[in-house]
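S.K.: Here's a structure for you.
Just so you know, all these numbers are worked out from the coordinates, no wet-lab data involved. Predicted, not measured: the structure shown is a model, and the values here were computed from it. Note: ideal-geometry Cβ built from the backbone for every residue, glycine included; neighbour counts use all protein chains shown.
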Number of protein chains: 2
Amino acid sequence: MAQAIRFRQAPSPLKASCQECSLSNLCLPLAIQDNDLDSLEDIVQQGRMYNRGEHIFDQSTPSRSCFAVKSGSVKTSIITEGGEEQVTGFFMPGELVGLDSMSGESYACTAKALERTSVCEFPIDKLEELTGKLPDLQHHMYRLMSQEIQNSHQLAMLLSKNTAEERIAALLLSLSSRFQRRRMSPTNFSLPMARNDIANFLGLAVETVSRVFTRFQNQGIIRARGREVELLDVEALQLVTREFSRQNCQQ
Amino acid sequence: MAQAIRFRQAPSPLKASCQECSLSNLCLPLAIQDNDLDSLEDIVQQGRMYNRGEHIFDQSTPSRSCFAVKSGSVKTSIITEGGEEQVTGFFMPGELVGLDSMSGESYACTAKALERTSVCEFPIDKLEELTGKLPDLQHHMYRLMSQEIQNSHQLAMLLSKNTAEERIAALLLSLSSRFQRRRMSPTNFSLPMARNDIANFLGLAVETVSRVFTRFQNQGIIRARGREVELLDVEALQLVTREFSRQNCQQ
DNA sequence: GTGAACGTTTGACTTGCATCAATTTGGACG
DNA sequence: CGTCCAAATTGATGCAAGTCAAACGTTCAC
């Protein structure tokens, strides 16, 4: 299907076709008028495919681009001097990776493909130049970065105030709504990341993640077999994430 | 001193003079050419003074501006549905508050003056318009927002991986370097925030914060009397923050 | 197919920090 | 100057989640 389109349009291999992309309503094109799409297509580069585990960019190397996930999924993480890893985010198709590295010098994190993944690449300097000309695009960039800050604050909140169960419920619900945005099942999906990554992201031990999954399963809230997950009772999950906010409401 | 300048220049009361501001090398003006300073001054409004505890803006109200701290200090926090508060940041003179609310709709957090505080106000729509015209300013905005994301990731990291001592040492060092940037003593300053705010920010109980302060004091690393703090052994503090990254280095 | 390497799960034990409770300090104000 | 209330400290106790250890599943190379 994607191939059929490629043959019909026959674009240069390095140039992406935002017009034809099924993610255009989630990605940068959503911000701009159809007749400005050309200028976005002028700067975007069709990135290559990455296999599971391959790095898209590395922390501390010169930052040149940010990336939109086209298919597959990506995790970002920062590494401390001591070699500790902290997962800072998971990115799914339509989402933009590398907004924390727009300061121009070097990448603030490492981005790694969690599965076979393709991306579109936006060179930062050209993107900046273009946003100077297209106010709507600029507005959208501010919006995305703003949102990234908010997400990160939410994460900080989750990490500092919530129990293991609350954190995991929140992650499952976040993934669910992101699958839904892409018109996929919000209750039946396969986790792109390993338990280890979940644990790291949520500031937990792997063992704890595993235990919570089985606890949820025993309560009939989810069904999990490896990375395949089914949310059986979304309301119960939502209840878990909010529970902590009420004062000691027993039972 | 500030008054003398105000009388000499006699600007309109609502217009700030970035030219004369002692923070211009920390704040937005640092990004732009002298001859473009006028256009920045055209949009900036001299905000009023806020007393301790006053709100500069409130979460969920329509967001119109972001603010540069001129004097005093500000804390930002988000409130959950359940009424829980999570402190998301502390802002000192020269720093920009509200970058997480550039999405345009409404403020993502509440900003509160920690002491008697004055700010400069930048209306978001005018700022966006201006950044479209001044590439250097736009670049700087991206840079600031990018950095805000990085800070927030660092915080998440601190919250998920570090002990109480490590978190507090990191905060003290962060404050120290921010005082130094303003050419104030990096070892002898007074905390703008209460223990409670520190605890909330770092995801700890107040009691734990208090205990760590006394422990540090007994070890001769700091001297603290109320909000007055003296860092007696900066290297020891740096050691504390890094300690966790080495594998079980006993002692 | 077989083994090696890795990811996941489960159990037993330990611990850092929260929680509860009580006291002390300090600032605001009549 | 004493009163009042909020902030800070200190001590005693309990628990959620980390750590250690071992078994089990899955993937992949050869």
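S.K.: I'd like the projected area of segment A:158-251, averaged over all directions, using the convex hull of its alpha carbons. Report it in nm² with one decimal.
M.R.: Approximately 6.0 nm², given one-decimal rounding.
S.K.: Turning to a different aspect of this structure: So for B:119, A:87, fewest C-beta neighbours within 10 Å to most, what's the order?
M.R.: Going from sparsest to densest Cβ surroundings: A:87, B:119.
S.K.: Binned at 5 Å from 0, what are the whole-percent values of the Cα-Cα distance distribution for segment B:182-237, short to long?
M.R.: In whole percents, the pair-distance histogram is 4, 20, 25, 27, 19, 5, 1.
S.K.: Something else: With a cut-off of at most 12 other beta carbons within 10 Å, and DSSP calling the residue loop, which GluC sites (Glu not before Pro) in segment B:49-98 qualify? Please list them.
M.R.: Those satisfying the criteria are B:81.
S.K.: Distance in nm between label sites at residue B:79 and residue A:71, each 7 Å beyond Cα in the beta-carbon direction?
M.R.: 4.7 nm
S.K.: Quick check on segment B:2-153: what are the equivalent-ellipsoid semi-axes from the Cα gyration tensor, as sqrt(5λ), descending, whole Å? Numbers along the way, then the final one.
M.R.: Values: eigenvalues 127, 72, 35 Å².
Its equivalent ellipsoid spans semi-axes of 25, 19, 13 Å.
S.K.: Could you check the spin-label model distance between residue A:239 and residue B:25? Points 7 Å from the Cα along Cα→Cβ, value in nm.
M.R.: Placing both labels 7 Å beyond Cα along the Cβ direction yields 6.0 nm.
S.K.: Let me ask something else. Any idea how far apart residue A:60 and residue B:33 come out in nm if each label point goes 7 Å out from Cα toward Cβ?
M.R.: 3.8 nm
S.K.: Round to the nearest 0.05 the FRET efficiency obtained for residue B:207 and residue B:133 when R0 = 60 Å and r is the Cβ-Cβ distance.
M.R.: 0.70
S.K.: Further question on the same structure: Specify the inter-centroid distance of segment A:98-167 and segment B:20-62, based on alpha-carbon positions, in whole Å.
M.R.: Cα centres, segment A:98-167 to segment B:20-62: 25 Å.
S.K.: For residue A:133, list the aspartates and glutamates whose Cα falls under 20 Å from its own Cα; do not include residues on the same chain fewer than 8 positions away.
M.R.: Within reach: A:34, A:36, A:38, A:41, A:42, A:121, A:125, B:36, B:125, B:128, B:129, B:136.
S.K.: Also, quick follow-up: So which lysines pass the test for residue B:112, namely a Cα distance under 19 Å, with those fewer than 8 places away in the same chain ruled out?
M.R.: By straight Cα distance, residue B:112 reaches B:70, B:75.
S.K.: Give the relative contact order (percent, whole number) for chain B; include only Cα pairs under 8 Å separated by 6+ residues.
M.R.: 17 percent
S.K.: For segment A:72-142, what mean projected area does the convex hull of the alpha carbons give, in nm²?
M.R.: 5.5 nm²
S.K.: For a quick check of your reading of the filter: which chymotrypsin sites (Phe, Trp or Tyr not before Pro) in segment B:10-85 sit in a DSSP loop and have no more than 13 other Cβ atoms within 10 Å? Intermediate results must be reported in sequence, preceding the final value.
M.R.: Values: sites: B:50, B:57, B:67; in loops: none.
Taking segment B:10-85 and a limit of 13 other Cβ atoms within 10 Å, no loop chymotrypsin sites (Phe, Trp or Tyr not before Pro) are found.
S.K.: Over all pairs of distinct alpha carbons, what does the Kirkwood formula give as the hydrodynamic radius of the protein assembly as shown, in Å?
M.R.: Taking the inverse mean of 1/r over all distinct Cα pairs, the protein assembly as shown comes out at 24.5 Å.
S.K.: Quick check: Cα centre of segment A:176-237 to Cα centre of segment B:180-214, how many Å?
M.R.: Between the Cα centres of segment A:176-237 and segment B:180-214 lies a distance of 37 Å.
S.K.: Quick check on the exposure proxy: order B:55, B:139, B:153 from fewest to most C-beta atoms within 10 angstrom.
M.R.: With the sparsest Cβ surroundings first, the list reads B:55, B:139, B:153.
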